Amino acid sequence: MSWQDFEKIDMRVGTIIKVEDFPEARNPAYQLTIDFGPLGLKKSSAQITSLYTKEELINQQIIAVVNFPPKQIGKFMSECLVMGVYGNDKDVILLNPQRKVENGWKIG
């Protein structure tokens with residue numbers, strides 16, 4: 001992998017505005033709607049149910065890859081990849097900016 005390869009990955013900050021259960025998912029997951037400002041709204045499936053409630057995710061800023069091709073997950077089309085750290089028991093801890101920033105700002 002080269003620096004040019006890394007630069008092709010478009011990571012942005014977004015705010016979660018809607019969270020729904022995803023009972024059809026193979027592993028427990030939520031369906032997220034995320035506001036990326038000038039890039040618009042994007043949906044994502046995230047296996048984060050063990051550490052986060054739906055209520056605490058609302059208005060939380062996250063970091064996601066926004067330029068991967070959409071991925072079909074059951075009947076749901078995931079449009080971005082929410083970033084996280086694998087903790088104990090493969091629980092996902094979301095990545096987010098330390099301070100509130102504008103939705104859509106690029107990660108560099």
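The values are calculated or read from the model by the stated rules, or taken from the named source; none is laboratory data. What you are looking at is a predicted structure, and each value in this text was computed from that prediction instead of being measured. Please note: Cβ atoms are built from the backbone with ideal geometry, for glycine as well, and neighbour counts cover all protein chains shown. In case anyone asks, the SASA skips ligands and DNA or RNA and just uses the protein heavy atoms, side chains included. Shrake-Rupley method; radii C 1.70, N 1.55, O 1.52, S 1.80 Å.
Share of the chain's accessible area from carbon and sulfur, percent, 1.4 Å?
On the way: 3780 of 7220 Å².
Of the solvent-accessible surface of the chain, carbon and sulfur hold 52 percent.
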Would you mind checking the radius of gyration and Dmax of the stretch 8-92 based on alpha-carbon positions, in Å?
-> 12.1, 36
Positive minus negative residues near Lys106 (Lys, Arg vs Asp, Glu; Cβ under 10 Å) | 0
Can you give the net charge of the other residues whose Cβ lies under 15 Å from the Cβ of Ser45, counting K and R as +1 and D and E as -1?
-> +3
Summed over the other residues with a beta carbon less than 15 angstrom from that of Gln61, with K and R at +1 and D and E at -1, the charge totals +3
Lysines near Lys18 by alpha-carbon distance under 22 Å, same-chain residues fewer than 8 away left out - which ones?
-> Lys42, Lys43, Lys54, Lys71, Lys75, Lys100, Lys106
Taking the Cα-to-Cβ direction at Glu24 and at Phe68 and moving 7 Å from each Cα, how far apart do the two end points lie in nm?
-> 2.0
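So how do 52-59, 74-81 stack up, highest first, on mean other-Cβ count within 10 Å? Can you show the working numbers first?
Values: 52-59: 13.0, 74-81: 16.8.
Descending packing order for the listed peptides: 74-81, 52-59.
Averaged per residue, what accessible surface does the chain expose to a 1.4 Å probe, in Å²? Provide the component values of the computation, followed by the final result.
Numbers: 7220 Å² over 108 residues.
Computed with neighbouring chains in place, this is 67 Å² per residue.
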